[in-house]
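Values in this text are rule-based calculations from the coordinates and carry no lab data. Just so it is clear, the model here is predicted, and its values are computed rather than measured. Virtual Cβ from ideal backbone geometry, glycine too; neighbours counted across all protein chains shown.
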Amino acid sequence: MRACVISDVHGNLHALEAVLEAVADEEADELWCLGDLVGYGPRPNACCRLVAERADMCLVGNHDLAVLGDLDLDFFAPDAAASARWTAAALEPEPEAFLRSLEPTGTREGVGLYHASPRDPVWEYVLSGEVAAASLLAAPEELVLVGHSHVALAFSLSEGALDGDVAPEGTEEDLGSADRWLMNPGSVGQPRDGDARAAYLVLDLGARRASFRRVRYDVERTQEELRERGLPEALAARLEHGV
Ligand code: ZN
């Protein structure tokens, strides 16, 4: 069983298309998405439609919930709130219904899927070893996948000892080498780990391997679309630096 895992698409259609093209060559049985299809980016409807069509499992994220009116925008930074308001106005009925049908947690093939973390599937950021260990203790699954931070990560826990760090392109993990794992595939549409390329993860549950991948996409096209729609300039600028 091979699954490709994506997260945090954020309305970046060109990044999503590049990832889906790469995923087509991975001989994967399933595609899982950990949420935040919209918010920040200029193409929310097309991204929702593509993920609805291609993903076998999809979670809802905090930005999706904000756009649906289910989370208070006071908790968002000003640029995030501005883009959530724009997205809410631009969202068409079918993509909206798709987002409303999703939950922030799920399981697939025994793997725990959480948009943010097992302790708080909507808000908590798992970026430190401390939070990764607490997340694993709070989850029943051996292998836990999270999104939300936009940073590709791989943490393992064996006999109480936590190991792990950021997972740049080319990181390969042997799932048999530890008791428990927590991984973040990184973000498709707004990476924040200093690598501007779109991120995804290949999980081979049979071979017990995880492979972190990055793929180039046309950043300038997404930047142009952001500017055409009058979305905050900082959201365009950050994409070329992956921050
Ligand atoms: Zn996100």
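Taking 0.36 nm per residue of sequence separation and removing the Cα-Cα distance, the SER177/SER158 pair yields an extension gain of 6.0 nm. For the chain, DSSP calls about 70 percent of its internal beta bridges antiparallel. Per residue, the average separation of C-alpha pairs within less than 8 Å and at least 6 apart gives segment 2-240 a relative contact order of 23 percent.
Listed values for segment 164-180 are Karplus-derived 3J(HN,Hα) couplings in whole Hz (6.51 cos²θ - 1.76 cosθ + 1.60, θ = phi - 60°), namely x, 5, 5, 10, x, 3, x, 4, 10, 10, 8, 5, x, 8, 8, 6, 9, and x replaces Gly and Pro.
Fully extending the segment from PHE75 to ARG208, taken as 0.36 nm per residue of separation minus the present Cα-Cα distance, adds 44.0 nm.
Note that segment 139-145 has calculated 3J(HN,Hα) couplings of 10, x, 7, 5, 10, 10, 10 Hz, one per residue in order, obtained from phi through the Karplus relation 6.51 cos²θ - 1.76 cosθ + 1.60 (θ = phi - 60°); glycine and proline are x. Fewest neighbouring Cβ atoms within 10 Å first, the residues LEU99, LEU137 line up as LEU137, LEU99. For segment 63-76, the Karplus equation 6.51 cos²θ - 1.76 cosθ + 1.60, evaluated at θ = phi - 60°, returns couplings of 5, 4, 5, 5, 5, 6, x, 8, 9, 6, 5, 4, 7, 9 Hz by residue, with Gly and Pro reported as x.
Report the FRET efficiency, 1/(1 + (r/R0)^6), for ASP56 and GLU233, where r is their Cβ-Cβ distance and R0 is 25 Å, rounded to 0.05. Working from the Cβ atoms, E equals 0.10.
Hey, for a label at HIS241 modelled as a point 7 Å past Cα toward Cβ, could you say which residues of segment 67-83 have their backbone N under 19 Å away? From segment 67-83, the list is 77-80. Each of PHE212, PHE98 has some number of other Cβ atoms within 10 Å of its Cβ, and from fewest to most they run PHE98, PHE212. Every helix of 4 or more DSSP H residues in the chain counts as -39500 (n - 2.57), and over all residues that averages to -9000 deg cm²/dmol at 222 nm. Among the cysteines of the chain, CYS4, CYS47, CYS48 have no other cysteine beta carbon within less than 4.7 Å of their own. What separates the Cα centres of segment 3-82 and segment 126-196 is a distance of 19 Å.
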